[in-house]
Amino acid sequence: MGSTFQGIEIGKRGLSVHQQAIQTTGHNISNADNKHYARQRVVMNSMDPIYDPAFNRAEVPGQIGQGVKISEIERVRDNFIDDRIIDSSSLKEYWGKKNDYLYQVETVFNEPTGTTLRSMMDQFWSSWEDLSNYPEETAHRAVVQEKAEALGSRMEDVYRKLSLLRDQSNREIEAKVNHLNTVSENIKSLNEKITKSQALGDNPNDLLDRRDELLQELAGMADITIGRSDDDELMVFIGQQILIQGQKVHKIDLVGNPNNDGLLDLKWSGTGDTVLLRQGSIQALYEIRDRILVEKINAVDALAINAMDVINEIHKDGFGLNGKTNVNFFEQRALATNTFGEIDTDGDGLNDKTAVFRVTGRTSLDPDRPIGISGTMRFLKASPGGETEILVPYSKDDTLNAVIKRINRSETGVVAYMSHDNQLALKSTTNPNDKKENFMIRHLEDSGELLVGLTGILTASGVSGSFDYRKIGEINKFQANAQDITLTPMYHPSSFFKMSEDVRNNPANIAAGRGKDVNGSGDYNSPNGQKDGSNALLIAAALREKPVMFDYSKTTDDFYNSLISRLGTEAREAKQEYTTQNELMVELENMRQSVMGVNLDEEMANMVQFQQSYNASARMISTLNEMLDTIINRLGV
C-alpha cells in the first residue's frame, strides 16, 4: 500500500520544479538585452515510478507516478552557427582594419582635391615653364624657389604621416597581442571552472556563454580553429599550433626585428617559432605595416629621388644668371660617406657593397638608328628567394629605343632612358623585398658592346667588366664621369626633399640657361646670355612628358597616377569586402539570435504557465492537507 503522505511529496516536487522554472524564466528576461546570452530552458522529466518490476513487489497496481523532477537546465545554442560566426569574425575584423587604415592613407594623399602632391608638382613644373619664358627675371626665379619649397614640404609631410601610420599600426599590434594573451588566460580560467562544474554534474551555462563570447573576441584578432571533439578539454588552434589546451595556454611573445626597423614580430613563447596568421585584425595590421605602408613609402621615396635626380642631372649642365654651372638644384644625401659609393651593410666596420643609383653613358646617340651590334645584357633582380637572373638580348637591327623598351618591360630592377643629351642612362628601382636596398643597381653585364663601346657605360664586356654591387671598388667599372653618376641616396629620400644651399641662398644660381656649343663638339660649355631659358624648358619637359622612367613608369604623371589608382583600388576592395562580411555577420547573428535569443513574449507566456502550475501544485497540497485533516481529526472515536 502506498504512503499516506505520498501525494504531498508529489505536490512539493511540483512546487520546487516550477519555482525553479519561474526563476530561470526571470534569468532569461533579465538577460534579454545581452546578445551573448543563450536562453536557458528547464528540462522536466517524470520521476521514476513505483514499483520496479520484481517478484517480491507489493501486490498493488504498479508503475505509480511520483511526480516531476528537473533533469537539467539546458542552454539553447547551435554550435554550427557559432563556428560560422567565429570564421566570419576573423574575416570581418581583417577587412575592417584594412578599411580603416586605407581610408587614413587616402586622407594623407588627399586626392583629388586639396593641397596634394599632384597639385604641388603641377605648380612646380609650371614655374619652370614660366621661368623658361622670363629667365632674366628674379621674380620668376623666386617663384621656382617657392614652389620647390612647397613641394618639398608636402613630400616630407606625406612621408612623415605614412611613417606615423606605420608606427601606429605597430603599437596597435602590440596592444592586440597583449589583449590576445589576456583573453587566452581568461578562457583558460573559465575552462578550469567549467571542468569542475561539469565534474559535479552541473551545466555551467553562464560560464559557457562567457567563454563563447571570449572565443568570438579571440577570433576577431586571429584566425582560430576550435577543437570540440574532447568533451573534457576545449582546444584552440592558430594554424597548426595550439594556443589553448584546456587549462594550459601557449603564450605569444612580441620580439623586435632588427631587419625591419625594430618593429615587432609574433613568436611562440615556448619554441620561438613565428606565429603564422591568415586572417583577423592582427594579420591585417601586419599587412598594413609591412606591405601596404611600405609600398606607399617606397613609392613616395621613388617619386622624390627620381624627381630630384632628373632635375639635378639637367640643372648641372645648365648655367645660372651669374654664369655658374655644375650646381645641384636639390640637395644630395648619399648613403655612402665616400665618393666611391662604398657602404658597410653588415655592421663589421668594413665596406662591402657599392651603392649606385644612376649611371649615364658618355656617348650621345640617335636612339632611332639601328645599333649594328649583337649581344646579351645580364641583370640580377632581387626576389624573395635571393636573386633572379634576367637576360636581355639585342641584335644589330634593333634601335636603341627598342632595347630600352625591352629592358624596361623585363622589369630587371634597372630601368633605361635617354637623357637630355641623348645619352643612355640606367638607374635602379625600389626593391620590394628589402627596402634597405632600394635604389641600388645590383648587376650590369654585357656580352657585347652596347653598354661598352656604343653607349660608354661599362669599361669592358663580359664577366670581368661587369658591375656587381656586392663588391667594393666597382665604380671603376664605369666609363662615366663623377657628375654622371648618382650614388644611392640615404634611406627615405622623401624625408629630405630640399633645395641645395647654393640655390636656396641665391636664385641667380638657378640654371635656366642651356648654354651654347662653342666648339661644335656637342658640349654646351659656355653661357648663352641672360635670355637663355632653354634649360628650364628641358627640366619642365623631363618632369611632364619625357620618358625619364620613375621606377617602371615612363613619366611622373604615369607613376603618380599608378600610385593613386592602386591605392584607390585597395581601399575600394577593403570597403566592399568589409561591407560584405559585415552583412554576412548580421545574417549569422540573426540566425543565432533566432535560436538562442530571448523572446520576451514567449518568456511571459512561460511565466504565466509556470505560475499556474505552481498554484496548482500548491492547491494539490492544500487539498491533501484537508484530506489528512479529515482522517486524523474527524474520524475519531
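The values are calculated or read from the model by the stated rules, or taken from the named source; none is laboratory data. Here the structure is a predicted model, which means the values were calculated and not measured. Don't worry about glycine lacking a Cβ; one is built from the backbone with ideal geometry, like all the others, and counts go over all protein chains shown.
Looking only at the stretch 77-84, decide whether some residue is of a type in the set (A, V, I, L, M) and part of a loop (DSSP other than H, G, I, E, B). Among the residues of the stretch 77-84, not one is of a type in the set (A, V, I, L, M) and part of a loop (DSSP other than H, G, I, E, B), which makes the answer no.
Among all residues of the stretch 273-292, there is at least one that is surrounded by fewer than 15 Cβ atoms within 10 Å (Cβ to Cβ), modelled with pLDDT under 95, under 26 Å from Glu174 (Cβ atoms) and in contact with a strand residue (DSSP E or B) (Cβ under 7 Å, 6 or more places away or on another chain). Selection of the stretch 622-637 for residues being part of a helix (DSSP H, G or I) and either closer than 13 Å to Gln19 by Cβ or not β-branched (Val, Ile, Thr) (or both) yields Ser622, Leu624, Asn625, Glu626, Met627, Leu628, Asp629, Asn633. Residues that are under 30 Å from Lys92 (Cα atoms) and in contact with a helix residue (DSSP H, G or I) (Cβ under 8 Å, 6 or more places away or on another chain) within the stretch 581-637 comprise Gln581, Asn582, Leu584, Met585, Leu588, Glu589, Met591, Arg592, Val595, Val598, listed in sequence order. If you check Ile173 against the conditions, is it among the β-branched types (Val, Ile, Thr), farther than 14 Å from Gln247 by Cα and crowded, with 18+ Cβ neighbours inside 10 Å? Here the answer is yes, as Ile173 does meet what is asked. Here the stretch 240-269 is the region considered, the condition is being basic (Lys, Arg) and assigned to a strand (DSSP E or B), and the residue that is surrounded by the fewest Cβ atoms within 10 Å (Cβ to Cβ) is Lys248. Beta carbons closer than 6 Å, at least 6 apart along the sequence or on distinct chains, never pair a first residue in the stretch 558-579 that is charged (D, E, K, R) with a second that is assigned to a helix (DSSP H, G or I) and surrounded by fewer than 14 Cβ atoms within 10 Å (Cβ to Cβ). Can you tell me which residue is farthest from the chain's Cα centre (by Cα) among those in the stretch 325-355 that are outside any strand (DSSP E or B) and within 19 Å of Thr430 (Cα to Cα)? The residue in question is Gly341.
Each row is one residue, and each column tells you yes or no for (1) within 28 Å of Asn328 (Cβ to Cβ); (2) in contact with a His (Cβ under 8 Å, 6 or more places away or on another chain); (3) surrounded by fewer than 17 Cβ atoms within 10 Å (Cβ to Cβ).
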| position | (1), (2), (3) |
| --- | --- |
| Asn525 | yes, no, yes |
| Ala540 | yes, no, no |
| Glu545 | yes, no, yes |
| Asp551 | yes, no, no |
| Thr556 | yes, no, no |
| Thr569 | no, no, yes |
| Gln576 | no, no, yes |
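Reported count of residues in the stretch 209-239, each being closer than 19 Å to Val275 by Cβ, of a type outside the set (Phe, Trp, Tyr) and outside any helix (DSSP H, G or I), is 10.
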